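Readers should treat all values here as calculations from the given coordinates under stated rules, not as data from a laboratory. These numbers were taken from a predicted model, which means no experiment stands behind them. As a convention, Cβ positions derive from the backbone with ideal geometry for all residues, glycine included, and neighbour counts pool all protein chains shown.
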């Protein structure tokens, strides 16, 4: 059994990009990573890691670093920690996937007649199931039959994610046979969700800070420079990509929705 741990990130107000990032690995590989991750957190003096809080010295980092050591020292410790964690990920035997949804493009394609049929009205749901589909597509390449469980950061959208899971697998049978559990986890307790958070947040920062002309190339290059061979796929969901998704799935989605109106296809 493989485990894929997932988290999401977006710029303020989801104006530019919504990202979903995560890593796939076997249980013993995750165990090894967690040991190193826990050691790094302990050395820094924090109990858990959240990328936004580390960068902005908020939450756990305010309480455990700024309030204890002062702002300057806290900044040094937090910067060193995030680099240590990036390196731990880069040398671990887990494999990264990243999806970036351009919000203006998504809204545009969703407003089109066929786009409204195929795309989920909620880009959060679309991005997660798009991400999961990309991961499961890789499992079709395996010589052995393998199953992957998907664990994501719990949120107010948990109910929508869970309610669509069985229908999603039935609507995508080639993927569904490799899909195990889908379940929410608390990022404060589960280190692999913290790992995914670092990739999701990094993806958002890269794409939100780049012009549309350079984002597609720059984003993948940046992530590959960090993860190297451990980066498997970066999906850049601009209008061109989304329209291809819509065109390739419109008839299938119409058929499924006629039989099961509430099924999540993508």
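Between residue 47 and residue 254, what's the calculated FRET efficiency when r is the beta-carbon distance and R0 is 41 Å? Round to 0.05. Provide the component values of the computation, followed by the final result.
Details: r = 49 Å, r/R0 = 1.20.
Calculated value: 0.25.
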Next on the checklist: For region 42-107, report the % of Cα-Cα distances exceeding 14 Å.
Outcome noted: 63 percent
Checklist entry - Scaled to the compact-protein estimate 2.2 N^0.38 Å, what is the alpha-carbon radius of gyration of region 99-171, rounded to two decimal places? => result 1.24
Checklist entry - Relative to the compact globular guide of 2.2 N^0.38 Å, what is the alpha carbon radius of gyration of region 61-147, as a ratio? => result 1.70
Checklist entry - For residue 75 and residue 149, what does the FRET efficiency come to when R0 = 45 Å and r is the distance between their Cβ atoms, rounded to the nearest 0.05? => result 0.75
Checklist entry - Tell me, what is the percent relative contact order of the chain, built from C-alpha pairs under 8 Å that lie six or more residues apart? => result 31 percent
Checklist entry - Among 6, 82, 232, what is the fewest-to-most ranking by other Cβ atoms within 10 Å? => result 232, 82, 6
Next on the checklist: Explain nothing, just the number: relative contact order of region 1-100, from Cα pairs under 8 Å at least 6 residues apart, as a whole percent.
Outcome noted: 34 percent
Item to check | region 178-266, relative contact order in percent, only Cα pairs under 8 angstrom and at least six apart counted | outcome: 12 percent
Item to check | Share, in percent, of DSSP beta bridges within the chain that are antiparallel, nearest 5 | outcome: 50 percent
Checklist entry - Put a dot 7 Å past each Cα toward the Cβ at residue 142 and residue 218; how far apart are the dots in nm? => result 3.7 nm
Checklist entry - Once Rh is set to the Kirkwood radius over Cα pairs, what Stokes-Einstein translational diffusion coefficient, in µm²/s, holds for region 137-266 at a temperature of 37 °C and a viscosity of 0.692 mPa s? => result 191 µm²/s
Item to check | Alpha carbon Rg of the chain, scaled by the compact-globule rule 2.2 N^0.38 Å | outcome: 1.02
Checklist entry - Zone of residue 63 (label point 7 Å along Cα→Cβ, backbone N under 20 Å): which residues in region 10-43? => result 38-43
Checklist entry - What is the Rg over Rh value, at two decimals, for region 1-121, using alpha-carbon atoms and the Kirkwood definition of Rh? => result 1.09
